[in-house]
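Report on the structure given below.
The values are calculated or read from the model by the stated rules, or taken from the named source; none is laboratory data. Quantities reported herein were computed from a predicted structural model and do not represent experimental measurements. When we count neighbours, we look across all protein chains shown, and the Cβ atoms used for this are built from the backbone with ideal geometry, even at glycine. Accessible surface areas use protein heavy atoms only, side chains included; no ligands, DNA or RNA. Shrake-Rupley method; radii C 1.70, N 1.55, O 1.52, S 1.80 Å.
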Amino acid sequence: MDNQNNGKAVKLGISAVVIMSLIGTAGSMLPFAGILIYPAAILFFICSRKNGFIFTLPFLTAAYVFTGFGTSFITAISDVLAPGLAGLVMGELLRINRTQGESLLKGVLTGILCNLATVVCLKMVEGKSLLTELRKTVNSVINTAVEEEQMTLYAAQTMKQTYEVILQMIPAVLIITILLGTVFVYFSGCAIMKNMGDELPNYHPFREFSFSRNIIFGSLIMMIFGYIAGLTGIINTNVLLLNISAVIWVLFSLQGLATAIFLWNLSRFPKIVFIILTALLLMSLIGTVVLFLLGIADILINIRARVDIGRGQ
């Protein structure tokens, strides 16, 4: 790496540290600020792709330390290391020309392991359970609202019951967050680098993204094993199946979204119409059901391949 390129690489790394640290710290104080952590992780993904895992790792470590001082070193594992390490791993795999599927899979697994490390550290170091702490926080907020007469007692009880269901789905929420965030980082980062003129031999646009048909059998096996595990009494069957179902729903919906984008890409609609339609699908219940069913249909009958054959490609 010559001096000019080395200088650009260092500037990119420092920019990633500053942005990730600021967002990671703000995420603990401002609602929804943490959502921006994945766009920040794109910088680490690009830096790893261009300069390698070893070069980029110290920058991510610095971002983790700065965020840890600003918030907590334990929560910073999931807030900074999970998306950042996933970006580093995928960037390195892309750099050495590994397949897109392998890059995404290892990126997701890296993020999940980081979240698991957060839960374990929280229990071992502070003696706290993530679920218990979240439940205390929710109950405290609702009780305060009742005391200040901002909420009726009936509404508070209803909200507590609703949040209890949501809290039972924390494992699925963590996995889904990492899954969607990793997919976003990979495809957004690759699109940015392509626009910058980088050659990415193993990159395919999101509209070509597809799971193997084995995902159907894998989903059935997960449901069966989940039911069997529930029968042992170790874990609540309904809770386990609820979490598995949520993850499966998102997987098929991703397939459906890729198929929808593929079909819209063939149309002559203006890009703004395409963006609005995509947003409506993602934000409405009916839209998510459509994406889920479209994903299943595409896996079963390969809609995109049939369209390409019909167009003579």
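Return the equivalent ellipsoid semi-axes of the chain as a descending list in whole Å, where each equals the square root of 5 times an eigenvalue of the C-alpha gyration tensor.
Semi-axes (√(5λ), whole Å): 33, 29, 19.
Based only on Cα atoms, what mean projected area does the convex hull of region 194-297 have, in nm²? Could the numbers behind the result be given before it?
Working: hull surface 36.6 nm².
Its average projected convex-hull area is 9.1 nm².
At 0.36 nm per residue, and after removing the present C-alpha to C-alpha distance, how many nm does the segment from S267 to A279 gain when stretched out fully?
Length gained between S267 and A279: 2.6 nm.
Just to check I understand the Karplus step: with θ = phi - 60° and J = 6.51 cos²θ - 1.76 cosθ + 1.60, what whole-Hz values come out for region 197-206, glycine and proline as x?
Result, rounded to whole Hz: x, 6, 8, 10, x, 9, 8, 10, x, 4.
Using helices alone, I'd like the mean residue ellipticity at 222 nm for the chain: each DSSP H run of four-plus residues gives -39500 (n - 2.57), total over residue count, nearest 500.
-26500 deg cm²/dmol
Once the other residues with Cβ under 14 Å from the Cβ of L43 are scored (Lys, Arg +1; Asp, Glu -1), what is the net sum? Don't jump to the answer; show the numbers that get you there.
On the way: positive: K8, K11, R49, K50; negative: none.
Residues near L43 contribute +4 overall.
Give me the 1.4 Å probe accessible area per residue for the chain, excluding ligands and nucleic acids, in Å².
On the way: 17580 Å² over 313 residues.
Per residue, the chain has 56 Å² of solvent-accessible surface.
Which whole-angstrom value gives the distance between the alpha carbon centres of region 176-240 and region 261-278?
With region 176-240 and region 261-278 each reduced to a Cα centre, they are spaced 24 Å.
Holding the Cα-Cα limit at 32 Å, pick out from K106/K136; K11/K136; K11/K106; K160/K271; K123/K160; K106/K160 the pairs that are longer than that.
Exceeds cut-off: K106/K136; K11/K136; K160/K271; K106/K160.
Relative contact order for the chain: what percent, with Cα pairs under 8 Å and sequence separation of 6 or more?
Normalised by residue count, the contact order of the chain is 14 percent.
Which residue fluctuates the most in the chain, going by a Gaussian network model with Cα springs under 10 Å, if the choices are I176, I96, I19?
Greatest mean-square fluctuation among the candidates belongs to I96.
By the scheme Lys and Arg +1, Asp and Glu -1, what is the net charge of all other residues having a beta-carbon under 14 Å from that of D198?
It works out to a net charge of +4.
Tell me, what ³J(HN,Hα) does each residue in region 69-82 have, in order and in whole Hz, if you take phi through Karplus 6.51 cos²θ - 1.76 cosθ + 1.60 with θ = phi - 60° and put x for Gly and Pro?
5, x, 10, 8, 5, 7, 5, 5, 4, 7, 6, 10, 5, 4
I'd like the FRET efficiency for I224 and N6, computed as 1/(1 + (r/R0)^6) with the beta carbon distance as r and R0 of 30 Å, rounded to 0.05. Don't skip to the answer; put the middle values down first.
Working: r = 53 Å, r/R0 = 1.78.
For R0 = 30 Å, the calculated efficiency reads 0.05.
For region 91-97, in order, what is each residue's ³J(HN,Hα) by Karplus, 6.51 cos²θ - 1.76 cosθ + 1.60 with θ = phi - 60°, in whole Hz (x at glycine and Pro)?
x, 5, 5, 5, 5, 9, 6
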